[in-house]
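**Student:** Sharing a structure with you now.
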Amino acid sequence: MKIDAKQIIKHLSKSNCSTDKNFFQAVMEVLESVKPIVDDNEIYNTNNIIQRIVTPDRVIKFKVAWLDDENKVQINRGYRVQFDNTLGPYKGGLRFHPTVNEDILSFLAFEQIFKNSLTGLPIGGAKGGSDFDPKGKSDMEVMRFCKSFMVELHRYIGPRVDIPAGDIGVGAREIGYLFGAYKNMTSRYEGVLTGKQIAFGGSNIRPEATGYGVVYFTQKLLELNNMSSLKGKICLISGSGNVAIYTIEKLHHIGAIPVSCSDSRGVLYDKDGIDLDLLKTIKKDRKNSLELYVKTKTKAIYTPVEDFHKNQNNLWDIPCFCAFACATQNELNKNDAKNLLKNGCKVVVEGANMPSTPKAIDIFLKNDILFGPAKAANAGGVAVSEFEMSQNASMQSWSSEEVDKKLQKTMCNICENIHQTTIKYKLGKNYVQAANIAGFKKVADAMVALGV
Ligand code: NDP
Ligand code: 2IT
């Protein structure tokens, strides 16, 4: 069977009413990547694997009505995209952000299938969330929203059915309120959400897992490519949320020099290395601007978004050895990629989901910048989520050391697996294609084995 990716997108467009720009971008990348194994494998054709894998099992959409602090009823949209449960129960985060819509969640749920496959753990792919914006809301408003959200969501999830977790705008606080609501509504104390606090069934190292995993993955990638380690190297990081902060923390642990971070309002550059305690204090309640940092560290430079391009402080203009994109989708474009190249960057790794545009990835691949794609590099978060599920199911709690060791092993295995895939399929250093092939093959073969 010959894949015609454009034809498949056309077919998908007909069955979707929204403009699915992000979803189609994610689908296109996977379909282009897996051509070599699908074109030569008739069994995938007989079983119509491509059409099946790009079509979500179900998209659940619901209304979330909640009371604000002035006792006014507010309405938001809630979603859960249960994309595929071939390898295990649906698994993936919840995102609360004003930009959330079906397109964004479909792309994230689709990516999650292959990421979860790469972990080697028994988990399928899903994503959910709401256009609710936790920013500027009181604690009680967030709690009431989470409760209303769970009133609807609890019908569709369960520890062997679908296990949500955090993502942008959903951290330990939101997971706590969501878990409390589920427990109260069902009278069941079970591992239905991951990213819980330790006191009520959370796993050690889950908050750190994605960021630490990104760095473990990068270290292995450098080793397999006979490149020098990150020690003493200048690193750029975008974002200043969960993934960015723990990427910075692990980079400090191993003696690298993380010099930047960012948020939706601006970019911070501290050539002496980001002061992590100060950053954590500023970002604790997710309200403050990074501008506060330069009040304490006067040599650091803060550039608000409005001033980008007026000077040289746009994040990806800063010279570095390695760049970690840890904020959001499509945050790193063609021009950013050119700037990184011009300034001698040797490695780019994706901590966020799909942060690089296809044109940016093209530039990395054509110019020998070693590129670690999101599906592989940021899988540490969901891997430790699965460890949390295991601990909950067996009523146990593993030590930080134990979880960290398992996380390191998982990230090294993922890197080794996609490295071997580049060799087997003669892909050079194209780890994007390798991650897609390795992630896809496991799901596709299982789909065939399970029948329709
Ligand atoms: P957080 O909510 O903790 O932090 C998100 C960060 O990204 C904030 O600094 C935020 O800035 C910034 N950001 C978000 N949207 C935008 C935007 N449109 N433009 C500029 N900056 C933006 O989320 P996480 O750190 O958890 O998630 C970051 C990325 O990592 C996402 O792509 C997520 O899907 C991915 N990811 C997360 C995992 C996890 O375990 N949490 C696991 C794997 C991937 P501001 O505060 O100003 O909005
Ligand atoms: O994108 C992701 O992998 C996550 N947001 C984490 C998902 C999870 O279930 O821990």
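The values are calculated or read from the model by the stated rules, or taken from the named source; none is laboratory data. Predicted, not measured: the structure shown is a model, and the values here were computed from it. Don't worry about glycine lacking a Cβ; one is built from the backbone with ideal geometry, like all the others, and counts go over all protein chains shown.
**Student:** Report every pair of residues separated by at least 6 positions or lying on different chains whose Cβ atoms are under 9 Å apart, first residue within segment 165-179 and at negative phi, second at pLDDT below 95 and not in a helix (DSSP H, G or I).
**Tutor:** From segment 165-179, the pairs are GLY171/ARG286.
**Student:** Name the pairs: first residue in segment 275-291 and farther than 18 Å from ILE237 by Cα, second residue assigned to a helix (DSSP H, G or I), Cβ to Cβ under 7 Å, at least 6 apart or on different chains?
**Tutor:** Partner pairs satisfying both residue conditions: ASN288/ILE282.
**Student:** Another question, then. Just name the residue that is surrounded by the fewest Cβ atoms within 10 Å (Cβ to Cβ) out of those in segment 411-452 that are among the basic types (Lys, Arg) and under 18 Å from LEU370 (Cα atoms).
**Tutor:** LYS426
**Student:** Given the conditions (1) more than 16 Å from ligand 1 (Cβ to nearest atom); (2) in contact with a Phe, Trp or Tyr (Cβ under 8 Å, 6 or more places away or on another chain), report the number of the one that SER138 does not fulfil.
**Tutor:** Among (1) more than 16 Å from ligand 1 (Cβ to nearest atom); (2) in contact with a Phe, Trp or Tyr (Cβ under 8 Å, 6 or more places away or on another chain), SER138 violates only (2).
**Student:** Can you tell me which of (1) of a type outside the set (Val, Ile, Thr); (2) buried (at least 23 other Cβ atoms within 10 Å of the Cβ); (3) in contact with a strand residue (DSSP E or B) (Cβ under 9 Å, 6 or more places away or on another chain); (4) within 29 Å of GLU111 (Cβ to Cβ) is the one MET354 doesn't meet?
**Tutor:** (3)
**Student:** Report yes if GLY180 is closer than 25 Å to ASN71 by Cα, modelled with pLDDT of 95 or more and assigned to a strand (DSSP E or B), otherwise no.
**Tutor:** So GLY180 does not fit the description; no.
**Student:** Same structure again: Would you confirm whether any residue within segment 179-189 is buried (at least 23 other Cβ atoms within 10 Å of the Cβ), hydrophobic (A, V, I, L, M, F, W, C) and in contact with a strand residue (DSSP E or B) (Cβ under 8 Å, 6 or more places away or on another chain)?
**Tutor:** no
**Student:** Now, a different point. Of everything in segment 248-274 that's surrounded by fewer than 22 Cβ atoms within 10 Å (Cβ to Cβ), in contact (Cβ under 8 Å) with a residue 24 or more places away in the chain and of a type in the set (Gly, Ala, Ser), which residue is nearest to ligand 1 (Cβ to nearest atom)?
**Tutor:** SER264
**Student:** Also, quick follow-up: Exactly one of these conditions fails for HIS97: (1) within 14 Å of ligand 1 (Cβ to nearest atom); (2) touching a helix residue (DSSP H, G or I) at 6+ places or on another chain (Cβ under 8 Å). Give me its number.
**Tutor:** (2)
**Student:** For segment 235-247, what are the residues that are without any contact (Cβ under 8 Å) to a residue 40 or more places away in the chain and β-branched (Val, Ile, Thr)?
**Tutor:** Listed by number, the list holds a single entry, ILE245.
**Student:** Would you pick out the residues in segment 99-136 that are of a type in the set (S, T, N, Q), farther than 23 Å from GLY88 by Cα and touching a Ser or Thr at 6+ places or on another chain (Cβ under 8 Å)?
**Tutor:** Selection gives ASN101 alone.
**Student:** Given the structure, is GLY239 surrounded by fewer than 21 Cβ atoms within 10 Å (Cβ to Cβ) and either in a loop (DSSP other than H, G, I, E, B) or of a type in the set (Ser, Thr, Tyr) (or both)?
**Tutor:** Criteria not met by GLY239.
**Student:** Looking only at segment 137-150, filter to residues that are under 17 Å from PHE62 (Cβ atoms) and free of Cβ contacts under 8 Å to residues at least 40 places away in the same chain; which one of those is surrounded by the most Cβ atoms within 10 Å (Cβ to Cβ)?
**Tutor:** Within segment 137-150, the match that is surrounded by the most Cβ atoms within 10 Å (Cβ to Cβ) is CYS146.
**Student:** Keeping to segment 183-234, report how many residues are touching a residue at least 12 places away in the same chain (Cβ under 8 Å), assigned to a helix (DSSP H, G or I) and among the charged types (D, E, K, R).
**Tutor:** 3
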